[in-house]
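The structure under discussion appears below in the form of structure tokens.
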There are 2 protein chains.
Amino acid sequence: MDDFQIIEETSGLVDTPGFLATGVHCDIRNKADGRLDLALVVSETPCTVAGVFTQNKMAAAPVRLGREQLASGIAARGFVANSGNANACTGPEGLVDALKMRELAAAELGFKPEEVFVCSTGRIGERLPMDQIAKGLTDGKITLGTNSADGLKAAEAILTSDTYSKLVSVEVPTSRGTVRISGMAKGAGMIEPNMATMLAFICTDGQVGATDLQAVLSEAVDASFNAVTVDGDESTNDTALFLANGISGVELSPKSADWQAFKKAVAYVCHTLAMKIVGDGEKITKVVEISIEGAATEKEANMAARAIANSLLVKSSWYGNDPNWGRLMDALGYSGAQVSEETVELQYANAVKEPVAVFSKGRTFHENKPLWKEVVSAKTFSILFNLGQGNASCRVWSTDLTEGYVNFNKSE
Amino acid sequence: MDDFQIIEETSGLVDTPGFLATGVHCDIRNKADGRLDLALVVSETPCTVAGVFTQNKMAAAPVRLGREQLASGIAARGFVANSGNANACTGPEGLVDALKMRELAAAELGFKPEEVFVCSTGRIGERLPMDQIAKGLTDGKITLGTNSADGLKAAEAILTSDTYSKLVSVEVPTSRGTVRISGMAKGAGMIEPNMATMLAFICTDGQVGATDLQAVLSEAVDASFNAVTVDGDESTNDTALFLANGISGVELSPKSADWQAFKKAVAYVCHTLAMKIVGDGEKITKVVEISIEGAATEKEANMAARAIANSLLVKSSWYGNDPNWGRLMDALGYSGAQVSEETVELQYANAVKEPVAVFSKGRTFHENKPLWKEVVSAKTFSILFNLGQGNASCRVWSTDLTEGYVNFNKSE
């Protein structure tokens with residue numbers, strides 16, 4: 001942890017020099033409830049930019065636009081993100097709306113449209129209320145600032161069914177000066193309640209080339225946002241953007257002495273946001289880590305972990321503090337990964353309890369039954385599998401499935 | 001429907017000449033509740049046999065044994081099936097127990113061990129109580145019979161969390177005499193509540209070669225038992241067995257004039273049992289048909305249907321009678337099938353309502369919104385997708401996800 005310091009009282013993106021932010025209410029949900037629903041974030045100087053987008057083939061209009069924009073390699077000056085409407089499954093008109101939103105934002109700020117990214121999250125299948133968005137952008141331009149309140153407003157404006165803002169900032173000391181990295185995200189809860197969407201925005205004042213920035217982001221996303229699941233539903237709008245404005249003057253590349261520290265810091269930022277997302281899953285009571293070791297390949301490790309992480313039976317048993325290891329074995333068995341009763345080992349562990357043996361190569365440790373119950377009754381615990389098939393591993397974090405989740409999501 | 005007649009008052013397997021059945025209580029659950037938990041079914045003459053087993057790599061000991069037995073090609077004289085204990089994840093001892101159970105049954109009945117199939121369903125990870133099973137087999141031998149009550153007892157003895165027995169019988173008239181086909185099954189509810197297991201047993205007095213019998217069973221299983229899902233968890237014990245004792249004297253093969261009628265009748269038997277299984281899913285309130293047309297390949301049609309059928313968000317919305325088509329589009333988008341907003345068409349329908357347009361190639365039929373709600377509020381309804389990518393299709397039946405399911409499965 002000497003590689004970087006955590007900034008305890010974070011205000012999100014404005015913790016990083018050169019970034020201005022705000023969040024405004026433009027009533028995208030048509031509820032006149034004053035709820036912030038449009039975030040605007042701008043850099044004082046042009047930024048290199050990296051992005052990771054949903055693999056969903058029904059990708060929303062802003063995602064399609066963002067992919068194109070990123071591929072063009074143009075420097076970015078900021079982004080605008082709304083909640084309450086996903087602009088997904090909206091046909092050609094949806095793309096026109098996303099383009100218009102980008103154009104309006106750019107015009108307000110004096111940038112080129114291609115310098116501004118747009119993101120949306122919320123209800124699927126309805127047109128964006130463009131007049132309200134235009135008004136929101138005008139208001140946003142006026143209120144943009146670098147104060148703590150400005151950063152907090154931006155973080156609040158992107159929330160949907162989240163119960164709290166998700167923020168993190170760190171500082172990497174280098175021999176050439178300090179580099180800051182800040183992030184904000186919104187969660188894997190259901191939205192409005194139409195869709196689970198993950199949005200994450202990360203900013204740094206480090207000076208990083210676009211290719212290097214993309215490599216760092218992709219690696220960090222794989223081990224964080226791509227390793228959490230609440231309900232297994234990948235949304236139409238998932239987006240992670242990483243902007244680097246270079247204002248610190250500290251150049252960073254794989255050749256720099258500080259590159260590893262920078263990478264670790266970005267990984268920490270993404271991991272922290274991902275954990276805040278999973279910890280705020282809709283109506284959950286528990287976060288469970290699934291650790292797979294000894295898989296034949298990384299792909300298989302992932303298949304094994306996800307089969308467990310997304311099993312309704314497994315998730316229901318977590319809700320009941322039930323050490324139902326038979327369901328884990330069953331999910332492993334249909335995961336598609338190479339597994340066998342003869343080679344697999346299973347343990348439970350939690351923060352205060354050393355790993356407790358459950359099953360090993362055909363033998364069940366029935367004598368440990370009271371301990372199993374104790375371990376899985378914790379608010380967070382770990383399931384440790386060694387498949388005994390190879391050297392690949394992976395970790396995934398999931399939540400329990402509760403009656404509250406079903407009730408919350410049963411209707412609009 | 002002229003190909004075969006449904007026998008309205010079915011008693012299960014004893015409806016087919018030459019099959020004796022019974023169900024006894026041997027207290028496998030150690031509850032001394034008198035509940036029937038061991039089914040014994042025997043044919044007066046040797047049978048050709050076909051089988052389909054779970055793909056789960058943690059396959060239970062009886063499944064491993066059954067696969068071997070089937071591959072040996074030996075004629076079968078019957079089967080024994082217990083509920084309350086799955087004999088899964090029980091190591092080498094589990095296999096010894098399954099062999100012993102087969103041996104005991106064969107000794108009671110005067111058959112060779114390889115002529116008797118064994119099946120288990122229930123709790124995972126615990127040894128079978130062999131003394132009780134031995135006693136059950138002795139009792140079963142005495143009570144074996146061909147009366148209605150005997151067939152019903154067998155069907156009852158294999159149930160776990162099912163709320164009713166699942167039986168069906170049909171009769172195929174041929175120019176050479178009548179052929180009967182009977183079936184019994186247990187459901188995809190959770191067991192004990194450790195595991196969802198599907199067991200199905202089908203008997204006929206037709207005279208059918210083992211290869212042809214296997215072809216008919218495999219095809220019927222694909223369109224029935226493999227097309228229903230309650231929670232997406234494939235069990236360690238799923239088994240379908242089909243025994244033909246030939247007593248009718250009616251020889252049936254792909255060259256027979258009556259072959260198509262026989263195939264249709266078997267398909268009907270499997271479909272009926274599968275629908276009874278899904279309709280008795282744990283704490284469900286709704287059965288939903290998902291029909292995919294226009295997929296690029298059959299595999300993709302299946303991937304698309306299953307992504308929808310197993311989405312927590314989609315299943316929760318069914319529970320709330322909520323026509324949440326955005327969730328369907330999202331699931332389709334991450335299913336892995338080739339799909340595009342520009343080609344996809346979606347309609348809702350139910351038994352009394354013609355298909356109602358929801359979405360077509362980028363256009364949403366907002367004007368139909370009240371109709372959507374009406375259609376999906378029915379106890380059963382259909383989701384009709386045309387992906388516009390090719391000519392492949394498939395149908396899958398799923399259930400809603402209820403608070404009751406989560407509560408029922410949260411602990412032992």
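Key figures for this structure:
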quantity: For chain B, built as a Gaussian network whose Cα springs stay under 10 Å, the top-fluctuating residue of B:Ala244, B:Ala261, B:Ala61; calculated: B:Ala261
quantity: Cα-based helix-to-principal-axis angle, B:91-109 vs chain B, degrees rounded to 10; calculated: 60
quantity: Proximal charge balance of A:Gly51 [Cβ under 12 Å; K/R count +1, D/E count -1]; calculated: -1
quantity: Exposure proxy order (Cβ contacts within 10 Å, fewest to most) of A:Thr160, A:Thr272; calculated: A:Thr272, A:Thr160
quantity: Kirkwood-based Rg to Rh ratio, the range B:287-409, C-alpha trace; calculated: 0.96
quantity: Cα centroid separation - the range B:126-191 against the range B:66-112, whole Å; calculated: 16
quantity: Average partner coverage of B:318-325, which counts Cβ from other chains inside 10 Å; calculated: 5
quantity: Net charge, A:Glu342 excluded, C-beta distance under 15 Å - Lys, Arg +1, Asp, Glu -1; calculated: +1
quantity: Cα-based Rg and Dmax for the range A:5-279, where Dmax is the largest Cα-Cα distance (Å); calculated: 16.9, 52
quantity: Average beta carbon contacts from partner chains per residue of B:90-96, 10 Å cutoff; calculated: 3
quantity: Residue-averaged beta-carbon neighbours from other chains (10 angstrom radius) around A:352-365; calculated: 2
quantity: Entries of A:Lys166/A:Lys373; A:Lys286/A:Lys369; B:Lys141/B:Lys264; A:Lys276/B:Lys286; B:Lys153/B:Lys263; A:Lys100/B:Lys361 with Cα pairs more than 24 Å apart; calculated: A:Lys166/A:Lys373; B:Lys141/B:Lys264; A:Lys276/B:Lys286; B:Lys153/B:Lys263
quantity: Helix A:61-72 vs. chain A, principal-axis angle (Cα, 0 to 90°, nearest 10); calculated: 80
quantity: Mean Cβ count within 10 Å, highest first, over the residues of peptides A:113-123, A:354-364, B:210-220; calculated: A:113-123, B:210-220, A:354-364
quantity: Fraction of antiparallel bridges per DSSP, the protein assembly as shown only, in percent to nearest 5; calculated: 70
quantity: Net charge of Cβ neighbours under 13 Å - reference A:Pro113; Lys, Arg +1; Asp, Glu -1; calculated: -1
quantity: Normalised alpha carbon radius of gyration of the range B:151-267 [divisor 2.2 N^0.38 Å]; calculated: 1.14
quantity: Stokes-Einstein D for the protein assembly as shown, Kirkwood Rh over Cα pairs, 37 °C, 0.692 mPa s (µm²/s); calculated: 115
quantity: Residue-averaged 222 nm ellipticity for the protein assembly as shown, from DSSP H runs of 4+ at -39500 (n - 2.57), nearest 500; calculated: -10000 deg cm²/dmol
quantity: √(5λ) per eigenvalue of the Cα gyration tensor, the range A:227-356, largest first, Å; calculated: 34, 19, 15
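Every read-out reported here was derived from the displayed coordinates using simple, explicitly stated rules and does not represent laboratory data. Because the structure is a prediction, the values reported are computed rather than measured. Cβ coordinates were reconstructed from backbone atoms using ideal geometry, including for glycine residues, and neighbour counts include every protein chain displayed.
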